[in-house]
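Asker: Here you go, one structure.
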Amino acid sequence: GIQVEQSPPDLILQEGANSTLRCNFSDSVNNLQWFHQNPWGQLINLFYIPSGTKQNGRLSATTVATERYSLLYISSSQTTDSGVYFCAVTDSGSRLTFGEGTQLTVNP
Amino acid sequence: DAGITQSPRHKVTETGTPVTLRCHQTENHRYMYWYRQDPGHGLRLIHYSYGVKDTDKGEVSDGYSVSRSKTEDFLLTLESATSSQTSVYFCAISEGRFYEQYFGPGTRLTVT
């Protein structure tokens with residue numbers, strides 16, 4: 001099955017800093033999503049982005065499908081950005097395959 | 001937010017007992033999914049449904065069964081719970097096969 005690798009596994013920032021999270025995948029995809037899992041365990045949809053670039057406020061994402069990677073940019077980070085960020089993809093099947101996630105901690 | 005609810009939100013049960021988790025949606029989406037989340041494994045698909053009475057197995061389906069008699073409800077049953085099924089269970093929905101998936105709040109299940 002398709003493999004998903006996220007980096008870095010852990011990231012600690014000071015409030016106001018910028019960061020880039022990376023997701024590499026091993027095969028072509030029909031769906032790629034970024035999620036934020038907050039400290040209460042809720043999975044929040046950030047982007048549905050099988051290709052191209054999208055922006056939503058301080059967050060933006062880019063997927064280069066031909067090179068099999070996606071990047072999530074967080075600018076001017078806030079303490080509420082803390083949590084785990086997951087990349088998940090679908091190849092030819094119906095299931096999302098999740099990466100292991102990036103644990104982000106934003107300190108005040 | 002997508003209208004997805006899960007019940008119960010927390011459950012503690014004993015080994016060998018049957019357990020049913022319910023996922024309810026108000027979005028009229030065709031696809032519904034059950035995932036489990038465990039430390040070191042991320043989220044993994046258990047079963048999914050692509051319509052009323054239409055279901056298929058996922059990556060970790062052993063020990064689980066599902067049913068979908070109405071568009072809005074998808075049930076996950078553990079026929080005889082084991083300690084290895086202690087996990088957080090998430091329901092998800094999507095309009096179609098490769099469409100964006102939206103997740104419910106999760107059910108924390110502990111099997112003692």
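Per-residue answers, yes or no, for (1) touching a residue at least 12 places away in the same chain (Cβ under 8 Å); (2) among the aliphatic types (A, V, I, L, M):
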{"residue": "A:Gly1", "(1), (2)": "yes, no"}
{"residue": "A:Ser7", "(1), (2)": "yes, no"}
{"residue": "A:Leu11", "(1), (2)": "yes, yes"}
{"residue": "A:Glu15", "(1), (2)": "yes, no"}
{"residue": "A:Arg22", "(1), (2)": "yes, no"}
{"residue": "A:Asp27", "(1), (2)": "yes, no"}
{"residue": "A:Leu32", "(1), (2)": "yes, yes"}
{"residue": "A:Gln37", "(1), (2)": "yes, no"}
{"residue": "A:Trp40", "(1), (2)": "no, no"}
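Asker: Of all residues in region B:4-41, which are touching a His at 6+ places or on another chain (Cβ under 8 Å) and hydroxyl-bearing (Ser, Thr, Tyr)?
Answerer: Answer for region B:4-41, where residues must be touching a His at 6+ places or on another chain (Cβ under 8 Å) and hydroxyl-bearing (Ser, Thr, Tyr): B:Thr5, B:Ser7, B:Tyr33.
Asker: Hey, another quick one. Within region A:39-58, is even one residue within 14 Å of chain B (Cβ to nearest Cβ), out of contact with any Asp or Glu (no Cβ under 8 Å at 6 or more places or on another chain), aromatic (Phe, Trp, Tyr) and not in a helix (DSSP H, G or I)? So that I can check it myself, show each step before the final result.
Answerer: Residues of region A:39-58 within 14 Å of chain B (Cβ to nearest Cβ): A:39-51, A:54, A:56.
With out of contact with any Asp or Glu (no Cβ under 8 Å at 6 or more places or on another chain) added as a condition, the list becomes A:39-44, A:46-47, A:49-51, A:54, A:56.
Right, trim to aromatic (Phe, Trp, Tyr) and you get A:40, A:47.
Pick out the ones that are also not in a helix (DSSP H, G or I) and you get A:40, A:47.
Yes: one or more hits.
Asker: Sticking with this one: Can you confirm whether B:Pro8 is away from chain A (no Cβ under 14 Å) and touching an Asp or Glu at 6+ places or on another chain (Cβ under 7 Å)?
Answerer: Spelling it out, it is not the case that B:Pro8 is away from chain A (no Cβ under 14 Å) and touching an Asp or Glu at 6+ places or on another chain (Cβ under 7 Å).
Asker: Being of a type in the set (S, T, N, Q) and modelled with pLDDT of 95 or more is true for just one of A:Ser7, A:Ser94, A:Ser28. Which residue is that?
Answerer: A:Ser7
Asker: Considering every residue within region B:87-110, establish whether at least one is more than 12 Å from the chain's Cα centre (by Cα), within 11 Å of chain A (Cβ to nearest Cβ), free of Cβ contacts under 8 Å to residues at least 12 places away in the same chain and closer than 23 Å to A:Val89 by Cα.
Answerer: yes
Asker: Filter region A:87-104 down to residues that are within 8 Å of chain B (Cβ to nearest Cβ) and touching a residue at least 60 places away in the same chain (Cβ under 8 Å) and give me whichever is nearest to A:Ile2 (Cα to Cα).
Answerer: Here the answer is A:Thr90.
The values are calculated or read from the model by the stated rules, or taken from the named source; none is laboratory data. This structure is a prediction, so every number in the text was calculated from the model and none was measured. Backbone-built Cβ (ideal geometry, glycine too); neighbour counts: all protein chains shown.
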